[in-house]
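Accompanying notes for the structure given below.
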Amino acid sequence: MSDEIGDDTDRLVAAALQVNGRASWGEIGRAINLPERTVARRGQRLLDRGLVRVSTYVDPTRVLHVRAVLFRIATHPQALWHVARTLARRPDASSVSVLEGSSDIAGMLLPHDDASIRELLFTDFPDLKGISSINVTTVLKFFRSGHDWRAGVLTDEQVEALDAYPATDVDPADSLTEDDGDLIALLLKDGRMPVAQLARTLGVNVTTARRRMESLSRRGLMHPRTEVVPSLFGLGLEALVWLRVPMARLERVGTALAEAPEVKFIVATTGTSQLLANVLVTDEAAFYEFLTGPAVAGHEGLEVVDALVVITPVLRGSLMVDGAPESLAHDAPTGAIRL
């Protein structure tokens, strides 16, 4: 992955893909008023460099009926990167971050059932070599899940032109069929896979594949998910913020924070803090302003329990972001640290 920061055209194309990762280059070009050839060239370059990754999003709690869990692990310094990568490679991993000031790793996993959670707690985590402590909590509610966060680069009119399926409430009784699951599995690997290729892989005709995709999107069961390296938008600082709030104000505060442009992800959780937020800002001054300004300090009774800068994200959805130093470019020898 390149560390280069793109120009305004790159940012426009990336922002358009955030709104609709399956939009054609022509549709994006018309929305942002750029030639299709320019959009296609820039967009493909962003994808090839790993600065942008398109997959799909399915609500893990309401659709997949999994219990999202948050973890924070303290490691021995020499084990940090290998443990982070081991966790990021898990099929149920949703996010993994290396934090400042310690050898801590934090993230979210999506175990498929109660048996998987027990295996995670009693086998997988304890078997990790090089760790000194583990803290695991359960996500109680997603106020903002991350797939719907946008950088604010586009106008409302541009967003409306690209957003084929605006946010829709999911029917709690609705569920995925086996065919739906097969389709989603392909889109998790490549969210821009052409419908014709999806149809061939699934063994159905193009009309059937397109109809299934449209049905899932219209019912709010599936959305395109586009992860963009934050520095492309000039966001040079990412942080995790643990917050404590009186239970009577939890819903109100969580909902309000989810509307803050700096907050990409925020959930209610078990444990000693009631909220965990993933924050993206330009720099340290902007982070200080966020913590001391109305977004946080403006809420009566809201207390910051911990606020740590993310040294590097390792995994964001389907986007692997590996910022290990060159000396650690390769994993430790097989068997040195394992699950």
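The values are calculated or read from the model by the stated rules, or taken from the named source; none is laboratory data. In this text, all values refer to a predicted model and were calculated from it rather than measured experimentally. As a convention, Cβ positions derive from the backbone with ideal geometry for all residues, glycine included, and neighbour counts pool all protein chains shown.
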Practice task
Kindly provide the set of residues from the range 280-313 that are free of Cβ contacts under 8 Å to residues at least 12 places away in the same chain and touching a Leu at 6+ places or on another chain (Cβ under 8 Å), ordered by number.
Solution key: A297
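Rundown of residues vs (1) in the same structural domain as R89 (by TED's automatic domain parsing); (2) touching a strand residue (DSSP E or B) at 6+ places or on another chain (Cβ under 7 Å); (3) aliphatic (A, V, I, L, M); (4) without any contact (Cβ under 8 Å) to a residue 24 or more places away in the chain, yes/no style:
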site: L198; (1), (2), (3), (4): no, no, yes, yes
site: L202; (1), (2), (3), (4): no, no, yes, yes
site: V206; (1), (2), (3), (4): no, no, yes, yes
site: R249; (1), (2), (3), (4): yes, no, no, no
site: G254; (1), (2), (3), (4): yes, yes, no, no
Handout entry: Flag for A185 being in contact with a helix residue (DSSP H, G or I) (Cβ under 7 Å, 6 or more places away or on another chain) and among the aliphatic types (A, V, I, L, M)
Key = no
Exercise for the section: Give me the pairs, please: first residue somewhere in the range 210-237 and over 14 Å from L188 (Cβ atoms), second residue anywhere and assigned to a loop (DSSP other than H, G, I, E, B) and of a type in the set (G, A, S), beta-carbon distance under 6 Å, and either six or more positions apart or on two chains. Expected result: L232/G6; F233/A151
Fill in the blank from the handout: Counting only residues in the range 5-29 that are among the charged types (D, E, K, R) and surrounded by 16 or more Cβ atoms within 10 Å (Cβ to Cβ), the one farthest from G50 (Cα to Cα) is identified as E27
Practice task
Quick one: which helices (runs of 4 or more DSSP H) lie wholly within the range 1-110 and hold at least 1 residues that are of a type in the set (S, T, Y)?
Solution key: 8-19, 36-48, 80-88
Practice task
Taking G50 as meeting all but one of (1) within 17 Å of the chain's Cα centre (by Cα); (2) farther than 30 Å from E178 by Cα; (3) modelled with pLDDT of 90 or more, write down the number of the exception.
Solution key: (3)
